[in-house]
Each structure stands twice: as structure tokens, then as C-alpha cells.
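J.: Would you mind keeping the following structure in view while I ask a few things?
The values are calculated or read from the model by the stated rules, or taken from the named source; none is laboratory data. Source: prediction; values computed, not measured. Positions of Cβ are backbone-derived with ideal geometry, glycine not excepted, and every protein chain shown enters the neighbour counts. All accessible areas refer to the heavy atoms of the entire protein, side chains included, with ligands and DNA or RNA removed. Shrake-Rupley method; radii C 1.70, N 1.55, O 1.52, S 1.80 Å.
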Amino acid sequence: MSETGRILVDTATRLFQNIVTPRELARAEAGEWPGDVWNAVEELGLPLALVPEDQGGFGIDPVEALAAIRVAAAFALPLPLGETMLANRLLAGAGIDAPGGPLSVASAAIPTGRTARPLGLVPENGGWRLTGVARRVPWGGKVTGVVVVAEAAGVPHVALVPAGRFDVAPGTNLAGEPRDDLTFGCLLEPSQVAPAAAGGTPEDLHAAGAALRSIQIAGALARVLEMTVQYANERSQFGRPIGKFQAIQQSLAVLAGQTAAASAAADLAAEAITAPAGDHRIAVAKARTGEAAGVAAAIAHQVHGAIGFTHEHGLHHLTRRLWSWRDEFGNDAEWSRRLGHAAIAAGADGLWPMVTAA
């Protein structure tokens, strides 16, 4: 990591340590928008970290920019920072002015398992008519606008839909994060719609979202491991810390292994977030981090015992996000199937090059 990347991570760590308090987490889970927290994040410039420097962004390597997402996840930041970073990157690539404030993303390609009218984008009266339903959009009802990726006449387009131009059916995930159903039926101005840049198809956005969740899972797991080891060394039973018992040590070793595997997988995801949707690294990352999330969360709660299940303890803010994030933008089963289909398509001669390329 470059010096600039290290400065970004250190600065983000200090910021989140100060502003992500138990009170703010409780307020956010109760449905309040943590405006003061967002203002601090925006003042630091993090929402523009993936935008080129000549367009007002940081202009640093995407891998280093995404390191801030790991830090945010480790503190359970109750904001759509990753979604805003993705949205601003899409807008910059399409040449659409970003409105500022928090943003989210929605795509016609995101599978929901529920029947809905697919997003449609057609020219009308000199502008563009957007119709359809997007399910479980992160923070859809809380943001300044939603960036939509849909095809018009077979060409991928990016559209900026300001808040108030769509109907919102509120929902949440297991962690209490907003996941809202949005119904579109609005006419957009020409300046709000443009052809997407390379890597801006609906499928590319779905893959980028999966990469984002993989990185978040790795960040949360690192903090879960830290908390669990600390608790095992502090909690005593039968006259000595429980971390001295072999059974606990074995569990901690498994937890550390899962965390390390997820971290390596997240590195792959960060490297591939700007790659086409067919890049196998994202599939590997989402499948592996999803598996690690389930195993690690179970071990963490076992080691913490009853206190880890209380609302007052901070562990649940992380484990409930792990359980939620592993299913968003495709769960590990979906991405494992994609890998399996790719392996079959590669054939006997192509399997080994496919494995080594990832």
C-alpha cells in the first residue's frame, strides 16, 4: 500500500473510532438517519474515493480506496458509504454531475427471487422515462438519489434519479440496515441519463456490489476476531482465562483461519471491482467470504457465551451484518454455481488456467 493509501486508512480509522458510537448505531437501527456522522464522512471526501482526480475524486488506486470500506465495516458504520462510492464512480464514468450527499445503486440485473416489473428506460419527450421496480435497494428511501443501471435499445445507460421521484416501500435486513423496494415511473431530464462507460452494464454493477460486500465482510470479520480473542483472554473460568483451554484455542484458530481466508478473498474482490462481470475473482471472493461469515459468526458467539447475545454488547452489530451481507448481491451458493458453470465451460484444457488466473 502506498503512503497515500496508509494515510487514508489511518484517517478513516480515527474518524470512525470517534463518530460510530453505540448511541449512533442504536439511533440508526431505530430508523434515524445519522446526519452528523454522514457529514463527517463527506467532509473527509470518502464518497469520492473511487472517482478520478480530474473529476474531483482522490485519483488513487481503487484497491487502496476500497480499504476505507474495510475500516468502515469493522466499525459497523451505519451509512451507505460503499454504495455512494460505487454510484459516484458510475456517474463520473457516464459524465453525469454527482449531486452530493448519500447515494445508492439499483440495477435491472440484481436478482431478487420475487416477481417485479423489470426496470425499463426509454426515450420520451426529449427526456427518458424510467419504469419498473427495484427490490431491496440499500438505503433507497434515505439517500439524495439512486443511480440506476439499465439498458435502452440494448445499450447500458446510467440514470440519476433524485429522491422524491420514486415510491418507497421501506424494509430492513437482519442488521436493521434499510433495504427498500423502489417503484419508478418518472420522466428524467437528458442531463440525468447517459450511456454507461465500459464496465457499466447491469451485470457489472451486480458484480461490483458483490465485491463490495466481500470487502465489508472481511472488515467485519477482522474486528470480530479481535473482539473474540480479547474476550477469551479476559474472561476467566476455573481460575484461568478461557483462552487457555484447548477447546477454545481450537475454535479461535478456526476463526483466525476463516478471517485470513476472507481477507485474501477480499483482496481479490478489490482488484477486480472495475473488471467485467465475468471476472472469476469476484465469484471466488463472494463465495469464500460468505462461507467465512457463517462459520466465524457462530464461533464468535460460542466463545462469548450468553453476553454475546445481549443487545448491550457490540458483537451483534457485526454478526448480524455478516449474516445479512453474505446474502446480498448473490449468496455464496449463487456465486459457487457461477464458478461451477464457468469451470464446465472451460473444459479439461481450460480448467487449470482458470484456477491459476484467479
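For (1) closer than 21 Å to Val143 by Cα; (2) among the small types (Gly, Ala, Ser); (3) in contact with a strand residue (DSSP E or B) (Cβ under 6 Å, 6 or more places away or on another chain), each residue gets a yes or a no:
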{"position": "Val9", "(1), (2), (3)": "no, no, no"}
{"position": "Arg14", "(1), (2), (3)": "no, no, no"}
{"position": "Asn18", "(1), (2), (3)": "no, no, no"}
{"position": "Glu29", "(1), (2), (3)": "yes, no, no"}
{"position": "Ala68", "(1), (2), (3)": "yes, yes, no"}
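J.: Mind checking which pairs have a first residue in the stretch 190-211 that is over 23 Å from Asp97 (Cβ atoms) and a second that is surrounded by fewer than 21 Cβ atoms within 10 Å (Cβ to Cβ) and of a type outside the set (S, T, N, Q), Cβ under 6 Å, 6 or more apart or different chains?
T.: From the stretch 190-211, the pairs are Glu203/Ala109; Glu203/Ala277; His206/Ala109; Ala207/Ala277.
J.: So for the stretch 301-312 (the condition being over 28 Å from Gly243 (Cα atoms) and either surrounded by fewer than 18 Cβ atoms within 10 Å (Cβ to Cβ) or touching a residue at least 60 places away in the same chain (Cβ under 8 Å) (or both)), does at least one residue qualify?
T.: Within the stretch 301-312, none of the residues are over 28 Å from Gly243 (Cα atoms) and either surrounded by fewer than 18 Cβ atoms within 10 Å (Cβ to Cβ) or touching a residue at least 60 places away in the same chain (Cβ under 8 Å) (or both).
J.: Within the stretch 313-325, count every residue that is touching a residue at least 12 places away in the same chain (Cβ under 8 Å) and open to solvent by less than 30 Å² (accessible area, probe 1.4 Å).
T.: 8
J.: Here's something else I'd like to know. Among the residues of the stretch 70-93, write down those that are of a type in the set (Gly, Ala, Ser) and either under 24 Å from Gly141 (Cα atoms) or under 19 Å from the mean Cα position of the chain (by Cα) (or both).
T.: Ala72, Ala73, Ala74, Ala76, Gly82, Ala87, Ala92
J.: Same structure, new question: Go over the candidates Gly31, Gly93 one by one and state the one that is open to solvent by 20 Å² or more (accessible area, probe 1.4 Å), of a type in the set (Gly, Ala, Ser) and closer than 29 Å to Thr310 by Cβ.
T.: Within the list Gly31, Gly93, the selection yields Gly31.
J.: Could you give every pair whose Cβ atoms fall below 7 Å, whose first residue belongs to the stretch 162-187 and is within 15 Å of Pro78 (Cα to Cα), and whose second residue is among the charged types (D, E, K, R) and surrounded by fewer than 18 Cβ atoms within 10 Å (Cβ to Cβ), counting only separations of at least 6 or pairs across chains?
T.: Once the first residue is within 15 Å of Pro78 (Cα to Cα) and sits in the stretch 162-187, its partners that are among the charged types (D, E, K, R) and surrounded by fewer than 18 Cβ atoms within 10 Å (Cβ to Cβ) give Gly176/Glu29.
Yes/no matrix, rows are residues, columns are (1) in contact with a Ser or Thr (Cβ under 8 Å, 6 or more places away or on another chain); (2) at pLDDT 95 or above:
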residue	(1), (2)
Val143	yes, yes
Val146	yes, yes
Ala153	no, no
Leu160	no, yes
Arg179	yes, yes
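J.: Being in a loop (DSSP other than H, G, I, E, B) and under 14 Å from Pro78 (Cα atoms) is the filter; apply it to the stretch 1-28 and report the residue that is least open to solvent (accessible area, probe 1.4 Å).
T.: Among residues in the stretch 1-28 that are in a loop (DSSP other than H, G, I, E, B) and under 14 Å from Pro78 (Cα atoms), the one least open to solvent (accessible area, probe 1.4 Å) is Val20.
J.: Within the bounds of the stretch 244-265, is there any residue that is in contact with a Gly (Cβ under 9 Å, 6 or more places away or on another chain) and among the basic types (Lys, Arg)?
T.: Scanning the stretch 244-265, I find no residue that is in contact with a Gly (Cβ under 9 Å, 6 or more places away or on another chain) and among the basic types (Lys, Arg), so the answer is no.
J.: In this structure, is Ala210 touching a Gly at 6+ places or on another chain (Cβ under 6 Å) and closer than 18 Å to Ile69 by Cα?
T.: Judged against the criteria, Ala210 is a match.
J.: Test of understanding: among Ala220, Ala175, Ala197, which residue is under 13 Å from the mean Cα position of the chain (by Cα) and either closer than 23 Å to Leu66 by Cα or at pLDDT 95 or above (or both)?
T.: The match here is Ala220.
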